[in-house]
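Novice: Before anything else, here's the structure in question.
Just so you know, all these numbers are worked out from the coordinates, no wet-lab data involved. Bear in mind the structure is a predicted one, so any value in this text is a computation, not a measurement. Neighbour counts are summed over all protein chains in view; Cβ atoms, including those assigned to glycine, are modelled from backbone coordinates with ideal geometry.
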Amino acid sequence: MLTRICAGGVVFSGDKVLIIKNEKGEWVLPKGIIRPGKLAQEVAIDRVKVEAGVNAKIISCVGETCYEFYSYTRQRPVCNQITWFLMETLNDNCAPNFELGFSEGGFYPMEEALQKVTYSQDKSLVRLSYKKYHEFKEKDEVLV
């Protein structure tokens, strides 16, 4: 089995979360493979920018997910291990990268985003990230 080590971002702008629609018609979170010489944080920031046109900063690590699928192009099973980062941006502008196969995307209110997101594992990650994001925002308000 081919194992790919990846990183991605769960990006918030206020009470909205970023999701994008890939070439398979799946609503997903931006993510990519960590190439040699790159840090997970760099990859997460880069994939959010490249896939969705969003400049975001990392707040914290929010967890890891893992899933397996059969790759017909590689003719073997693949396991994606993804480190996820909680991220924030100051505006909700989004420009899906059509050249990479992303047809739609944007910042959506939680309920709408959770209805759209394709995979239950991603839905759980978005819920957890939303809770953690608001905990960070509350701490920021107390410190100000």
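Novice: Sort Ser60, Ser129, Ser120 so that the residue with the fewest other Cβ atoms within 10 Å of its own Cβ comes first and the one with the most comes last.
Specialist: Arranged by neighbour count, lowest to highest, Ser60, Ser129, Ser120 become Ser120, Ser60, Ser129.
Novice: Name the longest site-free stretch of the chain, where the excluded sites are trypsin sites (Lys or Arg not before Pro) in a DSSP loop with no more than 15 other beta-carbon atoms within 10 Å.
Specialist: 75-144
Novice: How high is the relative contact order of the chain, given as a whole-number percent (alpha carbon pairs under 8 Å, six or more residues apart)?
Specialist: Contact order relative to length: 32 percent.
Novice: Okay, moving on. Helix 40-52: angle to the longest alpha-carbon principal axis of the chain, degrees 0 to 90, nearest 10?
Specialist: 90 degrees
Novice: One quarter of the convex hull surface, Cα atoms only: what value does that give for segment 47-124 in nm²?
Specialist: 6.2 nm²
Novice: Here's another thing I want to ask about it. What number, in nm² with one decimal, is the all-direction average of the projected area of the convex hull of the alpha-carbon atoms of the chain?
Specialist: 8.8 nm²
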